[in-house]
Every structure is written in C-alpha cells, then in structure tokens.
Amino acid sequence: MEKDLKNKSFVEMEKILIDLGEKPYITKIIFRWIHECGISDFDKMNNISKVLKQKLKDKEFYISKLRIKKIFKDKDGTLKYLFKLQDNNSIEAVLLTDNNEKERFTLCISSQVGCKMNCAFCATGKMRFKRNLTSAEVVDQVIQIEKDSKKRISNVVFMGMGEPFDNYDNVLKSIYILNSPIGKNIGVRKITISTCGLIPGIKKLAEEKLQIRLAISLHSFFNETREKIMPIAKKYKLKEIKDSLLEYQLKTKRRISVEHLLIKNINDNDKEVNALINYLRNLDVYINLIEYNEFPGSLFKSVEREKMKLIKKKLETIGHTVACRYKRGDKIKAACGQLGSL
Ligand code: SF4
C-alpha cells in the first residue's frame, strides 16, 4: 500500500515524483493515466520516459488493480460487480441507471470487507468484519466499473458493504481523489456518505467544509427498537445523534438525506411514523422510504407498497419531500442490505 500510486492523493504523488528528481508537471500526466484512463501498467504510459518508468519500478512503486470476478445483471438494468481483492477477500459494488434520466448512472460502492455494525436486517452485517478498504480499493471500484460498463458514473453513494465512518480517513481520501479535476472529476455534491449514526464521523465531516451529501440511516425513532435491529444504537442514542445532525446542519447548511428502511411490524406503525416526524423537527431533510429487501436467512418482511405510499403521503402533508425507493436489483442480490449474501 505504501508503494501503491493509486493510493496517493495528487499532492502525495507529486512529492514522490519530486523526491525521484522529476518535475512537478509529471504528476498530472501519471495521475491522469491512473485515474482518468484506468491504466495500471507504467509501460502503457506512452508519454513518460523509459528512465522514469525504470526508476518507479526500481523503487518498487506499482499501481494496484481490482479484479472483476463476476458481473450479475438484473432485468431492471442493475449491474452488480463482484471484485476479488489482492488478499482474496471479495467486495461488491452496484451500478444503477436512473429511472428517469437514462444517462445518469449511480454507483453504490463498498468501504469495508464486511461490517462491524451487525444490523439485523442487512446481509453484510451477517458477514464477519475482515478489514477496511484502502482508498485505492474504494477509488478503483469507480475506475474498473466505468471501464467495463463504458458508462460515465455521475453519482457515487457509499451505501455498499461497510460503514463509511468506520473507515473515515480512507473514505475521505478516496473522495478527494474521485473529485480531482485531473482524475474522475466527480462533483462532491454528487457523492453521498451514508451512516448508521456514528456521531464522531458526523462531527468530523461537519468540519471538512465539503459540499458532500450526508445520509443518515436510523430506521427507528425509539432507542429500544433501534437497539433490537441496530446494535450500534446501544452506543449512540437518538438524542445525541440529533444534536450532532443539528450541529452538522448549522455548520454546513447542507440538507440531510434520511434513508428510512420500512420493515413490517417493526417501524411501519403510526407510533413510529409520528416519532419520525417529531425527530425530524428543526432539521432540513429529504426522506427516502426504502423497501426492505429480503435475503436468504433474513428475519424480516417488507411493507406493502400501498402502506409505503400512505406513509409517504403523511410525511408530505407536513411538508417533507419524500421518495419511495422500491426494490432494484433484488433478483441478483444487489438491492439495499443484500450485499454479501451470495
Ligand atoms: S446496514 Fe450498513 S452499517 Fe448496518 S451492517 Fe449493513 S453495511 Fe453495516
């Protein structure tokens, strides 16, 4: 990792090249080869000198590359990529086409191999946590999928495997790399980080002065219910999370997205909906009501679409902007909460 140039920010790469006796402008050329063209072999960089290529090899620098092991295709257009990592671990990422804008592609990427949060409704949570992804492994999901699909990815969401704030530094670095105008140039406003309520991450992000989208996934607005479905709720209580969200909004002036997974007989009753309304008071939010996706061994059931629409209506009546997110890619286990269930 130390010698992996894909893991370097522009500034870090520039320092390496200057230390090797190169002019700073070379950084742009190499950074572009790696991040814009997806090249992982120094010999394919036809506008850098043989001497520099040899110097990089002699110093054992390399450019890592994720291997696509399998691609799954759903009839609804969703593509799921299964990647093999250098250490033989696997991760998944999902490419979604926007229903309304056929040219808008959103990539849902992973930040960890497995997840420590162990949410009861999530297949990734059932896996053992293995390790954090490096920023190169995060960035490379975008590079390899763009290359393979020949689609220009417009939006990136950290909603795949793992809790992004549990791998804060690598995730943030990957965002700066993806945003670089010399590389993928993905606007920060088009990048979403979704958290299950890790307060230190929310607080840190508020200080970054980034125009990023923060999404919060709490799924119940009673601590006791949350604790049953999300063990992390024992550590971070709803009141403290709300305080951190208010502070985040005060500092960033950014709208927060609320990802609310509807689970039958858990959070689809009036009491829960009223608690959600009460909780969101004083917050500027956009609400996504997410249809629950079952997976082999899952304990919960999804809520009927008619009921989802009624809840949407109720939330809209009090002035919220709400969208229902129905199953996408569930036939290939690519839907929300299903990653890692193969
Ligand atoms: S829902 Fe997110 S935070 Fe919870 S176990 Fe799954 S991947 Fe981890």
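Read-outs: derived from the displayed coordinates by stated rules, not from any lab. Computed from a predicted model, the values in this text were never measured in an experiment. Because the Cβ atoms are built from the backbone with ideal geometry, glycine has one as well, and the counts that use them run over all protein chains shown.
Things to note:
- Across segment 156-243, Cα pairs under 8 Å and at least six residues apart give a relative contact order of 26 percent.
- For the chain: relative contact order, % (alpha-carbon pairs under 8 angstrom, 6 or more apart): 15
- Positive end of the dipole of the chain (Cβ unit charges, origin at the Cα centre): among T195, V285, G77, the Cα lying farthest that way belongs to G77.
- Lysines whose Cα lies under 16 Å from that of K239, excluding same-chain neighbours fewer than 8 positions away: K203
- Cβ crowding within 10 Å ranks V188, V138, V156, V11 as V11, V188, V156, V138, fewest other Cβ atoms first.
- J(HN,Hα) series, segment 312-318, from Karplus relation 6.51 cos²θ - 1.76 cosθ + 1.60, nearest Hz, glycine and proline x: 4, 4, 4, 5, 5, 4, 9
- Between R104 and E208, the C-beta separation translates, for a Förster distance of 30 Å, into a calculated FRET efficiency of about 0.75.
- For segment 24-71 and segment 251-270, distance of Cα centres in Å: 43
- For segment 134-144, the Karplus equation 6.51 cos²θ - 1.76 cosθ + 1.60, evaluated at θ = phi - 60°, returns couplings of 6, 5, 4, 5, 5, 4, 5, 4, 5, 4, 5 Hz by residue, with Gly and Pro reported as x.
- Residue-averaged 222 nm ellipticity for the chain, from DSSP H runs of 4+ at -39500 (n - 2.57), nearest 500: -10000 deg cm²/dmol
- Loop-located GluC sites (Glu not before Pro) in segment 33-104 whose Cβ has at most 12 other Cβ within 10 Å (DSSP): E60, E101, E103
- Eligible aspartates and glutamates near K73 by straight Cα distance, threshold 17 Å, same-chain separation 8 or greater: E92, D98, E146, D148, D330
- Beta bridges by DSSP in the chain, antiparallel share as percent, to the nearest 5: 40
- Amide H contacts under 5 Å for I39, placed H, 5+ residues apart: I34
- With the highest mean first, a sort of the peptides 69-80, 109-120 on other beta-carbon atoms found within 10 angstrom per residue produces 109-120, 69-80.
- Basic side chains Lys and Arg get +1 at the Cβ, acidic Asp and Glu get -1 at the Cβ, and with that the dipole of the chain about its Cα centre reaches some 400 debye.
- Amide H contacts of I290 (H built 1.01 Å from N, in plane; Pro and chain starts excluded): H260, L261, L262, R325 sit under 5 Å, all sequence-distant by 5 or more or on other chains.
- In this structure, the residue pairs whose Cα-Cα separation is over 20 Å, taken from K3/K59; K309/K331; K6/K184, are K309/K331.
- Ranked K6, K23, criterion: other C-beta atoms within 10 Å, fewest first: K23, K6
- Here's the list of lysines a cross-link from K314 could span, going by alpha-carbon distance under 19 Å and ignoring same-chain residues fewer than 8 apart: K264, K271.
- Around C119: net Lys/Arg minus Asp/Glu count, Cβ-Cβ under 15 Å: +2
- Per-residue HN-Hα couplings for segment 68-73 [Karplus 6.51, -1.76, 1.60; θ = phi - 60°; Hz; x = Gly/Pro]: 6, 8, 7, 10, 10, 10
- Taking 0.36 nm per residue of separation and subtracting the Cα-Cα distance, full extension of the segment from K3 to C37 would add 10.2 nm.
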